[in-house]
Amino acid sequence: MKKIFCLTFLVVFLLCTITSCVDDWWKDDEFSLQKTPYTGNELRLDGYYYCELPMVTDLYSFEVIFFYRNGICYKFIAHSHEKINEALKNSRKVKLELQKANWGLFTINGNTIKFEFLYLTDELRKPVFVRKGIVLNDSTFHINESYRSDGSEQSKLDETYHFRQFSPKPDSTNNFIK
């Protein structure tokens, strides 16, 4: 009887300890940028920016980013320009893409652009990465570095984003960034 009591106590103690740590395992990183209205004219906002990204399978995907005057940005991945247009024209499909990791924040200071999103990993929690670069003109910017919002995991990048006019843009209203 004493062994059962001790074993039960140990199991309850371990479960309590583990569940208090689980919150940290599931907690996503915090954004480092503040939501700040964009009042500049360094970039056009009447469409989206896209960058061709190499995939592991030697195929290419496009990362597509919309920037909004309220300082919010929205991204998704498509496998071709046709798929980008298809997803955007089909509002039901776009609404399915509205997940937490699709929404982020951005700032432009002079010719420096920064934006950040949650990125899906094999971990339980999602890290926030800031991507930083240079605005080349109102329809092109180049991202040359990435780092985790806490300043760790720095890496160099070589990604050039090009503008494509598109209307109407998906609404920036979401449940993740207020």
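The values are calculated or read from the model by the stated rules, or taken from the named source; none is laboratory data. These figures come from a predicted structure and were not determined experimentally. Every residue, glycine among them, receives a Cβ derived from its backbone with ideal geometry; neighbour counts consider all protein chains shown.
Do any residues in the range 68-83 that are within 28 Å of Asn41 (Cβ to Cβ) have Cβ atoms under 7 Å from those of residues that are aromatic (Phe, Trp, Tyr) and in a loop (DSSP other than H, G, I, E, B), where the two are at least six apart or on different chains, and which pairs are they?
Going by the 7 Å Cβ cut-off, the qualifying pairs are Arg69/Tyr38; Gly71/Tyr38.
List pairs: first in the range 131-144 and touching a residue at least 24 places away in the same chain (Cβ under 8 Å) and hydroxyl-bearing (Ser, Thr, Tyr), second surrounded by 15 or more Cβ atoms within 10 Å (Cβ to Cβ) and part of a loop (DSSP other than H, G, I, E, B), Cβ under 6 Å, 6+ apart or cross-chain?
Close Cβ pairs (under 6 Å, with a partner that is surrounded by 15 or more Cβ atoms within 10 Å (Cβ to Cβ) and part of a loop (DSSP other than H, G, I, E, B)) amount to Ser139/Arg44.
Does Leu45 meet the test of being modelled with pLDDT of 85 or more, in contact with an Asp or Glu (Cβ under 7 Å, 6 or more places away or on another chain), closer than 21 Å to Pro170 by Cα and outside any helix (DSSP H, G or I)? Break it down stepwise before answering.
Working: modelled with pLDDT of 85 or more: yes; in contact with an Asp or Glu (Cβ under 7 Å, 6 or more places away or on another chain): no; closer than 21 Å to Pro170 by Cα: yes; outside any helix (DSSP H, G or I): yes.
No; evaluated as a whole, the condition is false for this residue.
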